[in-house]
Amino acid sequence: MHYDRKFKENAVKLSYQRDNINDLARELGIRSELVYRWRREFKEYGTGSFSGHGVPNLTPEMKELSNLKKQIQRIETENEILKKALGIISKSDR
């Protein structure tokens, strides 16, 4: 079963207000393991939690690292193109 982001966030908030997570899970109609997993995810990713649809949760640092890796890949590709172009130009000058 799929639970929306708001439901998960509310379950996590309630879990910190309650003494017994098993009772809370029973009231919500879910397994207690889900509540514990959602708590871990929320603790690790905060507002980036519960993105769903196969989109990985990334911390701001992880997002920045991913963007920097993409930028490096693009620059390396551009560098290779320029090297090839320089080789072609220098051959035609002979």
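Residues to consider are L86, L65, L34, L58; find the one that is hydrophobic (A, V, I, L, M, F, W, C), surrounded by 10 or more Cβ atoms within 10 Å (Cβ to Cβ) and more than 28 Å from the chain's Cα centre (by Cα).
Numbers: L65 fails: more than 28 Å from the chain's Cα centre (by Cα); L34 fails: more than 28 Å from the chain's Cα centre (by Cα); L58 fails: more than 28 Å from the chain's Cα centre (by Cα).
From the options L86, L65, L34, L58, the qualifying one is L86.
Contact map, region 1-17: first residue in contact (Cβ under 8 Å) with a residue 40 or more places away in the chain and basic (K, R), second residue surrounded by 15 or more Cβ atoms within 10 Å (Cβ to Cβ) and outside any helix (DSSP H, G or I), Cβ cut-off under 6 Å, separation 6 or more or different chains; pairs are R5/F50; K8/F50. Looking at region 28-48, can you tell me whether even one residue there is part of a helix (DSSP H, G or I), touching a helix residue (DSSP H, G or I) at 6+ places or on another chain (Cβ under 7 Å), aromatic (F, W, Y) and touching a residue at least 24 places away in the same chain (Cβ under 8 Å)? Checked against the condition, which is being part of a helix (DSSP H, G or I), touching a helix residue (DSSP H, G or I) at 6+ places or on another chain (Cβ under 7 Å), aromatic (F, W, Y) and touching a residue at least 24 places away in the same chain (Cβ under 8 Å), region 28-48 yields at least one hit. With respect to the conditions (1) within 30 Å of Q17 (Cα to Cα); (2) of a type outside the set (D, E); (3) at pLDDT below 85, K63 lacks only one, and its number is (1).
The values are calculated or read from the model by the stated rules, or taken from the named source; none is laboratory data. Every value quoted in this text rests on a predicted model; they were computed, and no experiment measured them. Heads up, the Cβs are rebuilt from the backbone with ideal geometry, glycines too, and the neighbour counts pull from every protein chain shown.
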